[in-house]
1. It is to be established whether one or more residues within region 101-111 are under 25 Å from Tyr19 (Cβ atoms) and open to solvent by 60 Å² or more (accessible area, probe 1.4 Å).
2. Which condition number does Trp34 fail, the rest of (1) among the hydrophobic types (A, V, I, L, M, F, W, C); (2) part of a helix (DSSP H, G or I); (3) open to solvent by less than 10 Å² (accessible area, probe 1.4 Å) being met?
3. Return yes or no: is Ile171 of a type in the set (Val, Ile, Thr) and under 18 Å from Val66 (Cβ atoms)?
4. Quick one: in region 156-169, of everything that is loosely packed, with under 14 Cβ neighbours inside 10 Å and among the aliphatic types (A, V, I, L, M), which residue is nearest to Cys117 (Cα to Cα)?
5. Considering region 11-31 alone, what residues qualify as being surrounded by fewer than 13 Cβ atoms within 10 Å (Cβ to Cβ) and either modelled with pLDDT of 90 or more or assigned to a helix (DSSP H, G or I) (or both)?
6. Residue pairs, Cβ under 6 Å, 6 or more apart or interchain, first in region 34-49 and acidic (Asp, Glu), second crowded, with 22+ Cβ neighbours inside 10 Å. List them.
7. Does Glu23 fit the bill of being in contact with a helix residue (DSSP H, G or I) (Cβ under 8 Å, 6 or more places away or on another chain) and acidic (Asp, Glu)?
8. Scan region 93-110 and tell me whether some residue there is more than 17 Å from Glu128 (Cβ to Cβ) and not in a helix (DSSP H, G or I).
Amino acid sequence: MDKKTKVIQKRYNRIAKIYDLLELPLERLKLSLWRKEAISHLEGKVLEVGIGTGKNLEYYPEHLEVTGIDISDKMINKAKNRGKKLNKKVKLIQMDVQNLSFEDNKFDSIYASCVFCSVPDPVKGLREIKRVCKKDGKIVMIEHMRSEKKIMGIIMDIFNPLVVKTYGANINRRTVQNIKKVGWKSVETRNLWSDVVKMIIIDNSK
């Protein structure tokens, strides 16, 4: 694990106890409804990257075979406790999305919600999920990113260093551009809140 990744791991271990509270602003923007919609697109063997405290677990139907990973061991422990309370059969592993230990073409679907804002090398992480997703598979994401509106974008750039230091997440990532760098051609995006929060659906066969 490189130095930047260790820093991220420590930050998320530090805030694991209060992470759900920190996410409340996004939850009030209908994040729970967006989670349900995103998960409805998944099928077969599913990998959730950055599973965090397991906020998505309650929305997974029983027919999906779910594996969840996170860089933070304390986040994984919270997700395990949530899974037990919900009686969900989910395999949870501490793992870095930038260096997945899974074989190629393993999963039918991959899901991420508010993850690639904090991955040190997001393009490397995206390449890894492309590798482990089946060639006819699907990647579904809910991600917040830098606004392309001039004033809002500048404000996000100004505040980004403070947010990274206290919370660990970048608020000015250009995630759609990063996705295109990986080489995907079939990328569907939909604005959920302004142009900051988007749902992204990627056809891995193209």
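The values are calculated or read from the model by the stated rules, or taken from the named source; none is laboratory data. For clarity, every value in this text was computed on a predicted model and none was experimentally measured. So basically every Cβ, Gly included, is an ideal-geometry build from the backbone, and we count neighbours across all protein chains shown. Heads up: the accessible areas ignore ligands, DNA and RNA and are worked out on the full protein's heavy atoms, side chains in. Shrake-Rupley method; radii C 1.70, N 1.55, O 1.52, S 1.80 Å.
1. Within region 101-111, one or more residues are under 25 Å from Tyr19 (Cβ atoms) and open to solvent by 60 Å² or more (accessible area, probe 1.4 Å).
2. (3)
3. No.
4. Only one residue tops the list, namely Leu162.
5. Hits for region 11-31 are Lys17, Ile18, Leu21, Leu24, Pro25.
6. Final answer for the pair search is Glu43/Ser109; Glu48/Gly68; Glu48/Tyr111.
7. yes
8. Checked region 93-110: no residue is more than 17 Å from Glu128 (Cβ to Cβ) and not in a helix (DSSP H, G or I).
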